[in-house]
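Notes to accompany the following structure.
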Amino acid sequence: MTPLPNELNRLVFATNNGHKLDEVKQILGNHWDILSLAESGVTTDLPENGNTLHANAEEKANAIYRLISLPCFAEDSGLEVDALGGAPGVYTARYAGIGASAQENNEKLLEELKDITDRTARFRAVIALWWQDKLFFFEGVINGRIATRLEGLTGFGYDPLFIPEGFDQPFAALPGTVKSQISHRARAVAEMVNFLNFQTTPL
Ligand code: IMP
């Protein structure tokens, strides 16, 4: 893919999560110019009051689009554990309580699953994109299972516990290139890029 010669391929990623920003920059490589909020001159907390990943992604994208009126996207993601009826879902970030650390969330998940053998789960990511004054949604899912102990040092959040389908180790113990190809976020970003390539390819 040849980079476009103008600002058509520039997008602001409405996140204050440096890990997500790094991952999306790695996924999109040189083809898309991804600007952080700081690089766009925006410093703000992002609202997250919805009951669904879609509602949260939309709320975050709207908040930034109102400020900058430039193409921008936000992402909201969650972990759905089958034995917990799909929890923590939209409450994944605050599973162990508001302001909980990743360590505390991981420990709570291990505790909730301690006597449970069905450990199937999935990560889901929803992207809300403002493009040419319209809002579009994209979704990505990665199936997997929850490990019985923490393993690995890379990534963030639940990466030391989430073993993607087809692998025997969690994301945090696998090469970063694996995650950037198959994660929920990578898949949602791929959907968005398909859409954008179609929009920006001259006829
Ligand atoms: P939010 O989308 O920023 O609200 O994050 C939802 C929660 O899911 C947070 O606790 C994140 O740490 C976690 N999370 C989102 N994506 C990933 C991932 O790729 N790996 C591990 N944890 C993740």
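The values are calculated or read from the model by the stated rules, or taken from the named source; none is laboratory data. Quick caveat: nothing in here was measured; it's all calculated off a predicted structure. Note that we place each Cβ from the backbone using ideal geometry, even for glycine, and neighbour counts take in every protein chain shown. Heavy atoms of the whole protein, side chains included, go into the accessibility calculation; ligands, DNA and RNA do not. Shrake-Rupley method; radii C 1.70, N 1.55, O 1.52, S 1.80 Å.
Ligands, DNA and RNA left out, the accessible area of segment 6-197 computed with a 1.4 Å probe is 49% carbon and sulfur. Here is the list for segment 119-203: chymotrypsin sites (Phe, Trp or Tyr not before Pro) lying in DSSP coil, each with at most 16 other C-beta atoms within 10 angstrom of its C-beta, are Phe156, Phe167. Using a Gaussian network model of the chain in which every pair of alpha carbons under 10 angstrom is joined by a spring, one finds that among Thr15, Thr177, Thr52 the greatest mean-square fluctuation is at Thr177. Only helices enter this figure: runs of n ≥ 4 DSSP H residues, each worth -39500 (n - 2.57), summed and divided by the residues of the chain, yield -9500 deg cm²/dmol at 222 nm to the nearest 500. Which of Ala121, Ala83, Ala57 ends up with the largest GNM mean-square fluctuation for the chain, with Cα atoms connected below 10 Å? Per the Cα network of the chain with a 10 Å cutoff, Ala83 tops the list.
Bin all alpha-carbon pair distances of the chain at 10 Å intervals from 0 and give each bin's fraction as a whole percent. For the chain, the binned pair fractions read 9, 35, 35, 17, 4, 0 percent.
Computed from the C-beta positions of Leu70 and Arg119, the FRET efficiency with R₀ = 41 Å rounds to 0.45. In this rough spin-label picture, where each label sits 7 Å from Cα along the Cβ direction, the Arg94-His19 distance is 1.9 nm. Applying 1/(1 + (r/R0)^6) with r as the Cβ-Cβ distance of His54 and Glu111 and R0 = 45 angstrom yields a FRET efficiency of 0.95.
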